[in-house]
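In what follows, a structure is listed as structure tokens, so that the remarks can point back to it.
The values are calculated or read from the model by the stated rules, or taken from the named source; none is laboratory data. This is a predicted model, so every value here is computed, not measured. Positions of Cβ are generated from backbone atoms using ideal geometry, with glycine treated the same way; all protein chains shown enter the neighbour counts.
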Amino acid sequence: MVLDNINSPKDLKELSIDELNVLCQEIRDCLIKKLSVRGGHCAPNLGMVEMSVAMHRVFNSPEDRIIFDVSHQCYPHKILTGRKEAFLNADKYSDVSGYTEPSESEHDHFIIGHTSTSVSLASGVAKARDLKHENYNVIAVIGDGSLSGGEAFEGLDYAAELNSNMIVVVNDNQMSIAENHGGIYRNLALLRETNGCAECNLFKAMGFDYRYVADGNNVEALINCFNEVKDIDHPIVLHINTIKGKGYKPAENNKEGWHYCGAFDIESGEPVKGKEGGIDYQTLTADYLLEKMKHDERVVAITAGTPTVMGFNAERREKAGKQFIDVGIAEEHAVALASGIASNGGKPVFGVYSTFIQRAYDQISQDLCINNNPATILVFWGSLGAMNDVTHLCFFDIPLLSNIPNLVYLAPTCLEEYTAMLNWSIGQDKYPVAIRVPAGKEAVNVVNIEKNYDILNRYKIIDEGNDVAIIAVGSYFSLGERVAATLKNKHNITPTLINPRYISGIDSKVLNSLKDNHKVVITLEDGVVDGGFGEKISRFYGSSKMRVLNFGAKKEFVDRYNIKEFLKANRLTEELIVEDIINCLKNS
């Protein structure tokens, strides 16, 4: 194997074109093999093999800085920069992150997992280089899908004026996660159709020099292009046309479905079935909204480049028609758009993963909540047990959203309560509402679910007891049930169990009533404690005699953690929570 002799980019320098082509196939083969076992970003990486080989053949990494956007496409880069064993050796599959990671290699310059960032980051690197009078190439790699994000435009706007070496590589595979949306893609299509010769050229209009490569999976053509621009003294865009999923037919034929994959059978492309999941809130949400759309033309579903976040696959998108909007990877625009639609009598529902909602904080505060427009935001995967890469943590949304004035943040505990809250939110016209879609799939003991949530911040007492009150938020209500059962069965304590429903407010009446016959109030939330729901309860009781224990995760960035160990470290297991309660009672 040619790959056997590749331990750093320097090993590519003397290889022939034929050897490089063999190397590309070997990289593709090892990617498919590992992905079939462990899953990961499949189609983006398969399309980037030749480009990664060509970049490392021409440029001198790490002296030349190659900066990836979102790093969904960095696997071939990792293989070429001393980390191939993590792709060839099954025992080492967990040794590297799925994203660029400077602690792994001097060839990685940033921890990156969110999109549209590479041009801005690379511009900063280039500016610092120029200020220090240094001389090396700075290459920003960005996919066409990422160009829809506002930061990409901001970065390009700045980079065009650098007046020094700045190479922007646009990997154009005609896809985001799903199909691209937006006016920029008409120009990219025109440039592809004219072999880069169209007079109307977005990049030239912004002030960039420009080159086009029609076959971005031809390693020789790429090498020639990169050699032409190496050490260039001004900003240039290299527009490179590639095939997403290149070299694996199932991925080429279903680019959206193979953007990210689980384990699969290589020969058939069929997924390897694991344990059957529980409630599929994403599909249920899409089906619910499609039914709503049939009866109310004002209802519109909005996504920021991740349509399946709320179950809108290609078939459901077609059914929704104009009542489904994909704004591209632009959460800021999605929120402002929703506010505008709501202000004019529409019924917008914006679905977003917890890890991405933070990208639109200013728009939620300024464009939506100051104006108090009744849009609905559905926050999916908000949980300590969701994605566990450091760039995709899903447990900061409670502090972020629950402290914005006017926003009602709801935490349903189960499917029935979620549906009731969603139905109410779409129907009402008083508040901007966010709903933390349940992440847990356990059955919970919630009965007599209310349909109207107009009167804010009313907690619901599920079971009445004494001494201990458990306020369990959303997906952690099932944990609250288990803690309550253990206290009763093992310690003869019948606690009060409360479903707060509203993350963003305090029910003073319920909390004051607990002072009569309770010694300890505990809060359980599936997120970080700092700035979270539990701290609101602690602040309410203040200098009173009530003891309050807040259970959640501490504020930190963690990467690829084991969820069982993580919960134990944060004392979020049933046994440890009960232990802390008993100790607190003894000391009260």
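Things to note:
- Looking across region 175-207, just one residue is of a type in the set (S, T, N, Q), surrounded by 15 or more Cβ atoms within 10 Å (Cβ to Cβ) and in contact with a Phe, Trp or Tyr (Cβ under 8 Å, 6 or more places away or on another chain), and that is N201.
- Residues located in region 216-241, provided they are in a loop (DSSP other than H, G, I, E, B) and of a type in the set (A, V, I, L, M, F, W, C): I232
- Hey, H239 under 30 Å from P307 (Cα atoms) and in the same structural domain as V119 (by TED's automatic domain parsing) or not: yes
- The condition of being under 28 Å from C261 (Cα atoms), modelled with pLDDT of 95 or more and not polar (S, T, N, Q) holds for only one of E63, E151, E134, that being E151.
- Exactly one residue out of A126, A90, A122 is over 25 Å from the mean Cα position of the chain (by Cα), within 30 Å of I357 (Cα to Cα) and assigned by TED's automatic domain parsing to the domain that holds S71: that is A126.
- Hits in region 384-413 (condition: surrounded by fewer than 23 Cβ atoms within 10 Å (Cβ to Cβ) and assigned to a loop (DSSP other than H, G, I, E, B)): G385, A386, M387, N388, D389, F396, N403, I404, P405, N406, L407
- Number of residues in region 187-224 that are in contact (Cβ under 8 Å) with a residue 40 or more places away in the chain, aliphatic (A, V, I, L, M) and out of contact with any Gly (no Cβ under 7 Å at 6 or more places or on another chain): the value is 5.
- When region 292-308 is filtered for residues that are part of a loop (DSSP other than H, G, I, E, B) and in contact with a strand residue (DSSP E or B) (Cβ under 9 Å, 6 or more places away or on another chain), the ones remaining, listed by number, are D296, R298, A304, G305, T306.
- Members of region 60-87 found to be among the polar types (S, T, N, Q) and either closer than 20 Å to A126 by Cβ or assigned to a helix (DSSP H, G or I) (or both), listed by number: N60, S61, S71, T81
- Restricting region 153-168 to residues that are in contact (Cβ under 8 Å) with a residue 40 or more places away in the chain and part of a helix (DSSP H, G or I), the residue that is nearest to G47 (Cα to Cα): L156
- Which listed residue is of a type outside the set (G, A, S), assigned to a loop (DSSP other than H, G, I, E, B) and touching a helix residue (DSSP H, G or I) at 6+ places or on another chain (Cβ under 7 Å), from K273, K255: K255
- Residue match in region 453-475 (condition: outside any loop (DSSP other than H, G, I, E, B), more than 31 Å from the chain's Cα centre (by Cα), surrounded by 20 or more Cβ atoms within 10 Å (Cβ to Cβ) and touching a residue at least 60 places away in the same chain (Cβ under 8 Å)): yes
- Search result, residues across region 7-24 that are closer than 15 Å to E50 by Cα and surrounded by 14 or more Cβ atoms within 10 Å (Cβ to Cβ): P9, L12, L15, L20, N21, V22, L23, C24
- Complete set of residues in region 326-355 that are out of contact with any helix residue (DSSP H, G or I) (no Cβ under 7 Å at 6 or more places or on another chain) and β-branched (V, I, T): I341
- All strands (runs of 3 or more DSSP E) inside region 493-588 with 2 or more residues being in contact with a strand residue (DSSP E or B) (Cβ under 8 Å, 6 or more places away or on another chain), of a type in the set (D, E) and buried (at least 16 other Cβ atoms within 10 Å of the Cβ): 518-528
- Taken together, the criteria place E101 among residues that are over 30 Å from N224 (Cβ atoms), surrounded by 20 or more Cβ atoms within 10 Å (Cβ to Cβ) and among the acidic types (D, E).
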